[in-house]
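Data first, discussion second: the structure below is written as structure tokens.
The values are calculated or read from the model by the stated rules, or taken from the named source; none is laboratory data. Fair warning: this is a prediction, and the values are worked out from it, not measured in the lab. Heads up, the Cβs are rebuilt from the backbone with ideal geometry, glycines too, and the neighbour counts pull from every protein chain shown. We work out accessible area using only protein heavy atoms, side chains counted, and drop any ligands, DNA or RNA first. Shrake-Rupley method; radii C 1.70, N 1.55, O 1.52, S 1.80 Å.
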Amino acid sequence: MSPTRQDAWSQDEDLLLAEVVLRHIREGGTQLQAFEEVGKQLSRTSAACGFRWNSFVRKQYKSGIELAKKQRKELKKQSIPTDNEITKEVVTEETPSSSEVRSEGITFQAVLHFLESLQKQAAAASSIEEAKEKSIKKIKELEKKSYSLAAENERLAKNLKAIEEDYRSLIEIMERARKMVVLQEEDRQQKVKFQMDKNGNLERVEK
């Protein structure tokens, strides 16, 4: 059994924790189950995983959590047939019933037909399983990309907010500087006066 780790969390471990927790949210599982799953993969306790999620990771995936909750609601609305239901349907369509075999008698043709039906059933089940594995793999890839994009979107939103605040501060500084220039110009103009020279012309005199 691997020893319980006490080292700091890496970015990849945080991403794995987020993926597993969001998957459990989407599929209707509990966060405790997610923490236990991640703990086994990373050789950490479920309590450590829970603390890391609540103290840090969860704040980075607010939009991802909302998306997972929406997906969970959509999955509940949909009626997706299970593998057993699909297999049962294949068997019903392709496999001759025992009554048919009894009525025809155990002949070579009946046995051959039965074996052909079993072969078709096995091929259909194999095709279904292969398609299922591909779909699961594709979903996981899209989830990973979606969660990464959600985290990047939140990071960019924070950066944009910081830039907007810096821009407002710069505008305020420029406005104060403009007002100072205007006041200085008004003060300078107030110090200037005019007087008549000997020839009857106005001349500018500094106060």
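Brief remarks follow.
- Segment K144-E165, extension gain: residue separation times 0.36 nm, minus the distance between their alpha carbons: 4.4 nm
- Heavy-atom accessible surface of S10, to the nearest 10 Å², is about 50 Å², with a 1.4 Å probe and all protein chains retained.
- Bins of 10 Å from zero: percent of alpha-carbon pairs in region 29-82: 22, 39, 29, 10
- Potential lengthening of the chain between I106 and T30 amounts to 22.0 nm, from the contour at 0.36 nm per residue minus the alpha-carbon distance.
- Solvent-accessible area of R168, all protein chains in place: 130 Å² (probe radius 1.4 Å, heavy atoms, ligands and nucleic acids excluded).
- Each of R58, R52 has its accessible area taken with a 1.4 Å probe; listed largest first, they run R58, R52.
- Here the label points at K137 and S55, each 7 Å from Cα along the C-beta direction, are separated by 3.8 nm in the simple model.
- About its Cα centre, region 1-70 has a charge dipole of approximately 260 debye under the convention of +1 per Lys or Arg Cβ and -1 per Asp or Glu Cβ, with nothing else charged.
- A157-S127 pseudo-label distance in nm [points 7 Å out on the Cα-to-Cβ vector]: 4.5 nm
- For a modelled paramagnetic label at R5, 7 Å from Cα along Cα-to-Cβ, the residues of region 38-77 in reach, with backbone nitrogen under 19 Å, are 38-58.
- Heavy-atom accessible area for M180, with the other protein chains in place and a 1.4 Å probe, reaches approximately 110 Å².
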